[in-house]
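Right, one structure below, let's go through it.
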Amino acid sequence: MKLVVLLAFGVFITLAASPGKRLEKVVPSKAKVHSPQAPDVGEAQVAMWMKTWRKRLSLEDWDVTVQLVRSSELKPDTLGNLRWNSGNKTATIRVLAPVDYDLPASEIPTDIEYTVVHELVHLQLAALPREAATRNVEEQVVNRISEALMALEQGAQYRPRAAVMHPTAKDKDRSVSEASRAAKQ
């Protein structure tokens with residue numbers, strides 16, 4: 001029942017958005033600007049966010065691991081990804097390590113937490129059929145739900161940096177048990 005309500009909420013928000021506010025994939029600048037002071041975000045902090053949000057999203061029956069990874073371990077222009085196995089309810093979330101971020105150091109922790117939430121929302125939707133034709137809509141729904149959840153957590157000052165990944169011919173070969181979060185400037 002929670003899944004149906006969550007999905008309906010996301011579809012409503014997606015359909016209610018004005019056409020002028022569509023999110024587009026934007027390739028981040030190749031020149032990364034690193035803050036002289038790296039944020040204090042490690043595996044333990046990311047695991048804590050994952051545990052908190054997994055509970056909030058009623059995904060406690062899933063065995064979910066989370067890893068901070070270098071940009072070379074993710075597809076180009078992504079900030080994180082999720083791979084899951086519905087049969088044994090296991091999943092792995094990989095999140096871009098702080099050292100590879102192109103944001104000011106003060107914004108990186110919130111963005112990493114958002115990526116964890118985003119991937120867990122994808123996991124919540126794992127029971128639904130996935131098709132290449134509906135991936136764009138799914139990504140919009142996941143972004144909107146994740147943004148709403150983070151805004152509730154962070155307050156009105158929260159500003160996401162989410163972008164919808166538009167499926168390409170390469171994505172047709174992508175596993176139906178994988179999802180990624182795109183980057184934008």
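The values are calculated or read from the model by the stated rules, or taken from the named source; none is laboratory data. Since the model is a prediction, treat every value here as computed from it, not as a measurement. Virtual Cβ from ideal backbone geometry, glycine too; neighbours counted across all protein chains shown.
Annotations
- Test: residue in segment 160-170 that is modelled with pLDDT under 90, within 18 Å of Arg54 (Cβ to Cβ), surrounded by fewer than 22 Cβ atoms within 10 Å (Cβ to Cβ) and of a type outside the set (D, E, K, R): no
- From the options Asp40, Asp100, Asp77, residue that is on the phi > 0 side of the Ramachandran plot and either at pLDDT below 85 or within 18 Å of the chain's Cα centre (by Cα) (or both): Asp77
- For segment 14-22, the criterion of being modelled with pLDDT under 95 and surrounded by 12 or more Cβ atoms within 10 Å (Cβ to Cβ) is satisfied by at least one residue.
- Every test in (1) at pLDDT below 70; (2) closer than 21 Å to Leu59 by Cβ is passed by Glu113 save one, and that test is (1).
- Search result, residues across segment 109-124 that are crowded, with 22+ Cβ neighbours inside 10 Å and among the β-branched types (Val, Ile, Thr): Ile112, Thr115, Val116, Val117, Val121
- Ile93 satisfies every condition listed in (1) surrounded by 15 or more Cβ atoms within 10 Å (Cβ to Cβ); (2) under 23 Å from Trp62 (Cβ atoms); (3) modelled with pLDDT of 90 or more; (4) out of contact with any Asp or Glu (no Cβ under 8 Å at 6 or more places or on another chain) except (4).
- Just so you know, in segment 43-75 the residues that are in a loop (DSSP other than H, G, I, E, B) and free of Cβ contacts under 8 Å to residues at least 40 places away in the same chain include one that is nearest to Tyr101 (Cα to Cα), and it is Arg70.
- Segment 46-82: number of residues that are out of contact with any Leu (no Cβ under 8 Å at 6 or more places or on another chain) and surrounded by 16 or more Cβ atoms within 10 Å (Cβ to Cβ): 4
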